[in-house]
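The values are calculated or read from the model by the stated rules, or taken from the named source; none is laboratory data. What you are looking at is a predicted structure, and each value in this text was computed from that prediction instead of being measured. With ideal geometry, Cβ positions are generated from the backbone for all residues, glycine too; neighbour counts draw on all protein chains shown. Accessible surface is based on the protein model in full, side chains and every heavy atom, while ligands, DNA and RNA are left aside. Shrake-Rupley method; radii C 1.70, N 1.55, O 1.52, S 1.80 Å.
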Amino acid sequence: MLEGGRELLRRTARIAIDTGPERQGGRTSDACETLLRDAGFAVRTREHGRIVTYGTRDPGRLPD
């Protein structure tokens, strides 16, 4: 989904994505982190029950 939305990402300031296991059982956080960094985002993935990858154009606004 993100690969097809690259143009939309250029206009996005912040994003949070559930990057936990998908249908094949594998996490998607590494691939999403790479895509977001390539789009100019500061990125952080957190695991608190769920795996969520956050991206922002303002690194001071990433969650702890």
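Carbon and sulfur together cover what percent of the accessible area of the chain at a 1.4 Å probe radius? Within the chain, the accessible surface is 46 percent carbon and sulfur. When you restrict to C-alpha pairs under 8 Å that are six or more residues apart and normalise by the size of the chain, the relative contact order lands at 33 percent.
Net charge in the neighbourhood of residue 61 (other residues with Cβ under 15 Å of its Cβ; Lys, Arg +1, Asp, Glu -1) is +2.
Note on residue 18: accessible area approximately 70 square angstrom, rounded to 10, probe 1.4 Å, nucleic acids and ligands left out. Over the C-alpha trace of the chain, radius of gyration and Dmax come out as 11.4, 34 angstrom.
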